[in-house]
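One structure is given here, and the rest of the page talks about it.
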Amino acid sequence: MAYRTTIKAGGSGADYWLDLWRNRQLLWILSKRDISVRYKQTLLGIAWSVVRPLMTMLVMATVFSLVAKLPPDPNIPYPLMILGGLTIWTFFSGAFSQVSNSIVLNSNLVSKVYFPRLLMPLSAVAVGFIDFLISLVLFIGLSFFYNYLPSPNIIFLPFFLVLTFISALGFGLFFSVINVRFRDIAQLIPFIVQVGMYACPIAYSTRLVRDSLPQYYKYYIMNPAVGIIDGFKWCLLGDNSYFDPNSLYSTLIVSIIALFLSVMYFRKQENTFVDYI
Amino acid sequence: MHVITAENISKKYIIDHQGTRKPTSFRDAVSDTFDQFFTKKDKDAASNRKEEFWALKDVSFSIDQGDRIGIVGHNGAGKSTLLKILSRITDPTTGQVTIDGRVASLLEVGTGFHPELTGRENIFLNGAILGMNKSEIKQSFDAIVDFAGVEKFLDTPVKRYSSGMYVRLGFAIAAHLEPEIMIIDEVLAVGDAEFQKKCLGKMRDVSESGRTLLFVSHNLTAIQALCNKSFYFEKGKLLDQGETSHIVTTYLSRVSQKKLERQWDDVNTAPGNDQIRVKSFKLVPDYLDDLMHIDVRTSMEIQFEFWNMIDDAQLNLSLHLYSYTGECIFNVGTASQSFAKGLISGTLEIPGHFLNDGSYMVSIMVVKDTSSVIYNMEEALTFDVEDYREGVTWYGKWPGYIRPQLNFSLNQAESVVNG
């Protein structure tokens, strides 16, 4: 017969990825569910996804540019620089926190029906991606406003998107597993995202870190998010935007290792979720 | 041909007794945490709190294609654990199961329904979760809507559905799955009579088309109507399997053999304290005719004896009856009376046609001077009441903790003769 399943301790084996592939429609449907449910019974609806980055950008621009008088990268309007960083950060932080909470949020499914559990974190990326797209449209609108021409570097954009996806999934999967047993994770995630927003070059340029704290610069660019954010800004804003290709080393190494290990960890633990959730 | 083969499957759970005593206030919670913090080094204490529990132990069986298997057993017998393993929701601790064919399991009606989504959206969502692909869902969409009878509410969020509509829609989707093997857990417990008839009919169709069915229910009537073979589980073991009629008889007779009597002869080791020791605790059913099991109609007596070791004590007794899930069904108390040292006995009559089917626990509390509890015996006795019905075609779990026979009648107050 076409379908033969063997159930034993230690979980499913070789047919796992095939199973995942067979269930690709479910992945799509779960993503669609998360997106369409997001703003149900809200007055502003999808406008929230516009208001949030816009307000954040305005506050940051006021504080860092007008009050603190930090210089932007040469010839780049400060608000545009912020929105560029914010756009990719929206994707990373949204995907990362949704992935981390994905198993717990779907606990009703975990305890009642089988499908490859990896579908839940994968589908959770969708919400962050939609927010990203909206923010990107906003960015394009703002560049028209400043008459800022797009740079040819934009062809590298997909590369940075994939990298963001890999790192958000890599870190998020770890947390999603731990979150099943220790709900502390649900408290920790917003905190990480909040701290990350200031630890990463969103409201300021990495150039300032290099110039004012040269002795710490090499540690600063070890943060894997720095490479992603600067790279992404470089794609949108062109060569004027500060981007140190050296910062990509840590991004590539850390996120690929994180993804590899966390997928292994996830696979090892996924059949025990139901006993602890 | 075997479609399911299970070899020595077992499932172990670790019960953490730490969780059994719940702190009742924030202060308790804080002091508990401190206590635990300082006693952490005491490894013995920690391991004592954890206990192994085998929900299933060395279960082996094989199921042929087209079999309709009923699974019976009491709460905690391992039925649900077995279904969870067969549906791949949890792994067995040891052993192996081989399944040939696509499995759909219905452990709950409307799994994954999202309250904010409309009926239409939920059909696609739930169908996909149960393993249907989009074209299959589209194909059976009209049939599902028709079966559930929700045409008018297709574009209403399901959170606005009545519970009946919700359940009907959930079952309708599951009923249109076309798996080779279908696993169903107690879904008939919901819905009205007409809908249940539809469901049973649908399940019969499923089995007649050569597909295999596994069905768990507390309702023996439904199992007898639907299943050709049955498994009987008790305490995690597969005790017996065979023709359904045979298994149902075994099951009912096993129930009556359950120990309904507890006795302690030595005053010093009997449960209790230096004021009260319990001597015996019995449930004496007044079996009907030649039946040897307690059903809804059976009247019974709870008889007990205990030693009183206080001189000239003013005592009264309080007896609680709990459902299996721990809700108190009733509490009866005796009047306060004075007793000398020695043996005290008591009886409580429970009439027939009073308790509903289910599992029950009895606990007693000995009270001194009408105010201070001097001894509390929890779970002094447990017993089961089986379902019995007459003249109804409804197979669902009869709702409620009690099923009293009250005077309840209908009259034709006026009739209209068609002219």
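Below is a table of values for the structure above.
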{"item": "Close pairs from the stretch B:320-338: first in the same structural domain as residue B:369 (by TED's automatic domain parsing) and under 19 Å from residue B:354 (Cβ atoms), partner modelled with pLDDT under 90 and part of a loop (DSSP other than H, G, I, E, B), Cβ under 6 Å, at least 6 apart", "result": "B:323/B:401; B:324/B:75; B:329/B:401"}
{"item": "Residue match in the stretch A:127-139 (condition: more than 14 Å from every other protein chain (Cβ to nearest Cβ), touching a helix residue (DSSP H, G or I) at 6+ places or on another chain (Cβ under 7 Å), over 15 Å from residue A:87 (Cα atoms) and in contact (Cβ under 8 Å) with a residue 40 or more places away in the chain)", "result": "no"}
{"item": "Residue among B:127, B:170, B:112, B:164 that alone is part of a loop (DSSP other than H, G, I, E, B) and not β-branched (Val, Ile, Thr)", "result": "B:112"}
{"item": "Output for the stretch B:141-152, where each listed residue is modelled with pLDDT of 90 or more and surrounded by 14 or more Cβ atoms within 10 Å (Cβ to Cβ)", "result": "B:141, B:144, B:145"}
{"item": "Filter result (out of contact with any strand residue (DSSP E or B) (no Cβ under 7 Å at 6 or more places or on another chain) and within 8 Å of another protein chain (Cβ to nearest Cβ)) within the stretch B:108-162", "result": "B:108, B:111, B:112, B:114, B:121, B:124, B:125, B:128, B:129, B:133, B:134"}
{"item": "Residue in the stretch B:369-391 that is under 17 Å from the mean Cα position of the chain (by Cα), among the small types (Gly, Ala, Ser) and farther than 24 Å from residue B:335 by Cβ present", "result": "no"}
{"item": "Count of the stretch B:353-371 residues which are under 26 Å from residue B:73 (Cβ atoms) and surrounded by 17 or more Cβ atoms within 10 Å (Cβ to Cβ)", "result": "9"}
{"item": "Whichever residue in the stretch B:47-72 is free of Cβ contacts under 8 Å to residues at least 60 places away in the same chain, more than 14 Å from every other protein chain (Cβ to nearest Cβ) and of a type outside the set (Lys, Arg) and, among such residues, is nearest to residue B:203 (Cα to Cα)", "result": "B:51"}
{"item": "Of all residues making up the stretch A:244-270, the number that are outside any helix (DSSP H, G or I) and surrounded by fewer than 13 Cβ atoms within 10 Å (Cβ to Cβ)", "result": "2"}
{"item": "Filter result for residue B:146 (in a loop (DSSP other than H, G, I, E, B), among the acidic types (Asp, Glu) and more than 29 Å from the chain's Cα centre (by Cα))", "result": "no"}
{"item": "Checklist (1) surrounded by fewer than 23 Cβ atoms within 10 Å (Cβ to Cβ); (2) within 7 Å of chain A (Cβ to nearest Cβ); (3) not aromatic (Phe, Trp, Tyr) applied to residue B:75, failing item", "result": "(2)"}
{"item": "Of the criteria (1) crowded, with 23+ Cβ neighbours inside 10 Å; (2) touching a Leu at 6+ places or on another chain (Cβ under 6 Å); (3) more than 7 Å from chain A (Cβ to nearest Cβ), which one residue B:104 fails", "result": "(1)"}
{"item": "Test set (1) within 14 Å of chain B (Cβ to nearest Cβ); (2) more than 30 Å from residue B:8 (Cβ to Cβ) - residue A:98 fails condition number", "result": "(1)"}
{"item": "Output for the stretch B:46-79, where each listed residue is polar (S, T, N, Q), at pLDDT below 90 and within 22 Å of residue B:246 (Cα to Cα)", "result": "B:65, B:75"}
{"item": "Residue A:49 under 23 Å from residue A:163 (Cβ atoms) and either among the charged types (D, E, K, R) or within 24 Å of the chain's Cα centre (by Cα) (or both)", "result": "yes"}
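Listed here are the residues, each with its yes/no results for (1) among the hydrophobic types (A, V, I, L, M, F, W, C); (2) touching a helix residue (DSSP H, G or I) at 6+ places or on another chain (Cβ under 6 Å).
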{"position": "A:187", "(1), (2)": "no, no"}
{"position": "A:192", "(1), (2)": "yes, no"}
{"position": "A:198", "(1), (2)": "no, no"}
{"position": "A:206", "(1), (2)": "no, yes"}
{"position": "A:214", "(1), (2)": "no, no"}
{"position": "A:241", "(1), (2)": "no, yes"}
{"position": "A:244", "(1), (2)": "no, no"}
{"position": "A:247", "(1), (2)": "no, yes"}
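The values are calculated or read from the model by the stated rules, or taken from the named source; none is laboratory data. Bear in mind that the values here come from a model prediction, so they are computed numbers and not experimental data. Please note: Cβ atoms are built from the backbone with ideal geometry, for glycine as well, and neighbour counts cover all protein chains shown.
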